[in-house]
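**Student:** The structure follows.
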Amino acid sequence: MRFAHSVAQVRDAEAPLLAGLPPGALMQRAVHGLLSHAARRLGRVYGARVVILAGSGDNGGDALWAGARLAARGARVDALAPGRTHPAGTAALLAAGGRLHCLPSPDPAGARPPLPGRPVGEDTAASLLTAADLVLDGMLGIGGKGGLRAGHARLAGLSPAGRTVAVDVPSGVDADTGAVAGAAVRASSTVTFGTHKRGLLISPGADHAGRVELVDIGLALPPPDLVALDDAAAAQLLSSPRPTDSKYTRGVLGLVAGSDAYPGAAVLATGGALRGAAGYLRVVSTGAAADHVRRAHPEAVVTEIGPGDGEAVVAAGRVQAWAVGPGLPPDGETARVVLALLASELPVLLDAGALGALAGDTRAVAALRDRAAPTLLTPHEGEFVRLVEASSHREAAAIAEELAADRLGMTRRVAAELGVTVLLKGSRTLIVDPGGQARVNTTGTPWLATAGSGDVLTGLCGSLLAGGLTPLDAGSVGAHLHGRAAQRAGHPLAASELVPMLAARGRRRAGGSR
């Protein structure tokens, strides 16, 4: 698993080391890890061209010190500085034969005292970056907030993403939230120190970080603020059937999905559910969708109901959890079904049309707030904004702006206010429970942005919920397996291709590792 901490937690963990170690010793631990990564990326250091984007903070010092070591091993190292630089790192670079160039401010009103190094224009800076075998971005670190200044932004735009290594965090990415306000460095890899920073795992920051390598510098850390499951952790949460199990003891899921307009949603959600933990699946749907499910999945026990018949849904049979929403219209009839299920004491997953109906019905929102049983909501960003708008009476534009500024923080607040677990879909899906425990999913591909993929996820997570997992675990494991299935399916991807890939995961696990 990967563990991430807030900037405040990192600062607190660094403080005793900074007080107890000789000056600069902690930085040299970071430099050693950065140097190793850079040398591996270069392959051959002697004769390589390296450019440092140098700032005045500690990560600027890390980059400059690493540049000095590379220069001592025969690399040509040029540092480009949009402002002041780290004094000790600069001295080390120059002593090793490196060069320092400053990029004058384009804004006369923002003129500062003369900068160290030889002034160069943007064309020269662009030429150095184009010719570089490797670029180390050390302009801003974990203390950076808001948009980049003009000089920093110019260098961020010129830096070649495929050959750039970010030091601790890409400049322009908020280390706590992953937010990007304007220009930011886009790196192919990031070397981070001590622990993962939350912003490296949360989009859009994760999209700028590339592959992240963690360097241990000896921090004594508190419990993580954010966790990303790996394959082993996901497998550990999944239980295999015991010899004494029956289809009922493995868990029974009730799935309410599909309509005359969207019968395929019920088929896809059923496919996902059959590849989860539950041993028995009851599908409740209307006529056309019910017929599609019977033909595609004879394993499912199908009950036909009339639209909006919540009593018939509850009477369909005994279940351990409900999942409702794929392919349902977001209207009053669906709201009646949602209200009937929220009144139960069983775990409930709400998705798609169920979320839309919930947002449009004040009684359903009140029932959600009053509910004590476990509840998992699986919105995409638009559904999330509409739900918050309905429950808080705030403007949608303000909600969207707040979400962009702090995706994790806002998801935490909504989960706590509504007393539910929220799975917020995205390129880095977040799963947050009412107590604030948070996980981020790092599997998947952009090809998951296709119609029907969310229906498969709903069925899978619902099945895991019926199998006994908590909403946090069901959402986290479901998102992880869903993403892995997409990676196995390749591209281009149709949602129906996810279902056999989920089955392939099961066969591989049963047959042992390869």
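The values are calculated or read from the model by the stated rules, or taken from the named source; none is laboratory data. Everything numeric in this text was worked out from a predicted model, so none of it was measured. So basically every Cβ, Gly included, is an ideal-geometry build from the backbone, and we count neighbours across all protein chains shown. What goes into the accessible areas is simple: the full protein's heavy atoms, side chains included, and nothing from ligands, DNA or RNA. Shrake-Rupley method; radii C 1.70, N 1.55, O 1.52, S 1.80 Å.
**Student:** Let me confirm something: among Leu481, Leu460, which residue is at pLDDT 95 or above, within 30 Å of Glu345 (Cβ to Cβ) and open to solvent by 10 Å² or more (accessible area, probe 1.4 Å)?
**Tutor:** Going through Leu481, Leu460 in turn, just one is at pLDDT 95 or above, within 30 Å of Glu345 (Cβ to Cβ) and open to solvent by 10 Å² or more (accessible area, probe 1.4 Å): Leu481.
**Student:** Looking at segment 241-268, which of its residues are more than 17 Å from Gln320 (Cβ to Cβ) and under 30 Å from the mean Cα position of the chain (by Cα)?
**Tutor:** Across segment 241-268, the qualifying residues are Ala257, Gly258, Tyr262, Gly264, Ala265, Ala266, Val267, Leu268.
**Student:** Leu502 - would you say it is open to solvent by less than 20 Å² (accessible area, probe 1.4 Å) and modelled with pLDDT under 95?
**Tutor:** So Leu502 passes the test.
**Student:** Quick check on segment 2-12. Is at least one of its residues of a type in the set (D, E, K, R), assigned to a strand (DSSP E or B), farther than 22 Å from Gly98 by Cβ and under 29 Å from the mean Cα position of the chain (by Cα)?
**Tutor:** Yes, there is a match, as at least one residue in segment 2-12 is of a type in the set (D, E, K, R), assigned to a strand (DSSP E or B), farther than 22 Å from Gly98 by Cβ and under 29 Å from the mean Cα position of the chain (by Cα).
**Student:** Which one is farthest from Ala269 (Cα to Cα) among residues in segment 444-457 that are open to solvent by 20 Å² or more (accessible area, probe 1.4 Å) and assigned to a loop (DSSP other than H, G, I, E, B)?
**Tutor:** Thr445
**Student:** Has segment 342-354 got at least one residue that is in contact with a helix residue (DSSP H, G or I) (Cβ under 9 Å, 6 or more places away or on another chain), over 21 Å from Ala273 (Cβ atoms) and surrounded by fewer than 19 Cβ atoms within 10 Å (Cβ to Cβ)?
**Tutor:** Yes.
**Student:** Then there's this: Could you identify the single residue in Ala400, Ala367, Ala359 that is buried (at least 16 other Cβ atoms within 10 Å of the Cβ), without any contact (Cβ under 8 Å) to a residue 40 or more places away in the chain, more than 25 Å from Ala261 (Cβ to Cβ) and within 26 Å of the chain's Cα centre (by Cα)?
**Tutor:** Ala400
**Student:** Still on this model: When the residues of segment 169-189 are filtered to those that are open to solvent by 20 Å² or more (accessible area, probe 1.4 Å) and farther than 17 Å from Asp406 by Cα, which remaining residue is modelled with the lowest pLDDT?
**Tutor:** Only one residue tops the list, namely Ala183.
**Student:** To continue, here is another question. Exactly one condition in (1) over 18 Å from the mean Cα position of the chain (by Cα); (2) under 15 Å from Leu481 (Cα atoms) is false for Leu457; which is it?
**Tutor:** Of (1) over 18 Å from the mean Cα position of the chain (by Cα); (2) under 15 Å from Leu481 (Cα atoms), only one is false for Leu457: (1).
**Student:** I would also like to ask the following. Got a sec? Which of Leu226, Leu219, Leu238 is within 25 Å of Thr442 (Cβ to Cβ) and within 21 Å of the chain's Cα centre (by Cα)?
**Tutor:** Being within 25 Å of Thr442 (Cβ to Cβ) and within 21 Å of the chain's Cα centre (by Cα) holds for just one of Leu226, Leu219, Leu238, which is Leu226.
**Student:** Looking at (1) outside any loop (DSSP other than H, G, I, E, B); (2) open to solvent by 10 Å² or more (accessible area, probe 1.4 Å); (3) more than 21 Å from Ala354 (Cβ to Cβ), which one does Ser427 not meet, given that it meets all the others?
**Tutor:** Ser427 satisfies all of (1) outside any loop (DSSP other than H, G, I, E, B); (2) open to solvent by 10 Å² or more (accessible area, probe 1.4 Å); (3) more than 21 Å from Ala354 (Cβ to Cβ) except (1).
**Student:** Could you list, in sequence order, all residues of segment 128-163 that are touching a Pro at 6+ places or on another chain (Cβ under 8 Å), within 30 Å of Glu14 (Cβ to Cβ) and not hydrophobic (A, V, I, L, M, F, W, C)?
**Tutor:** Answer for segment 128-163, where residues must be touching a Pro at 6+ places or on another chain (Cβ under 8 Å), within 30 Å of Glu14 (Cβ to Cβ) and not hydrophobic (A, V, I, L, M, F, W, C): Asp137, Arg149, Gly151, His152.
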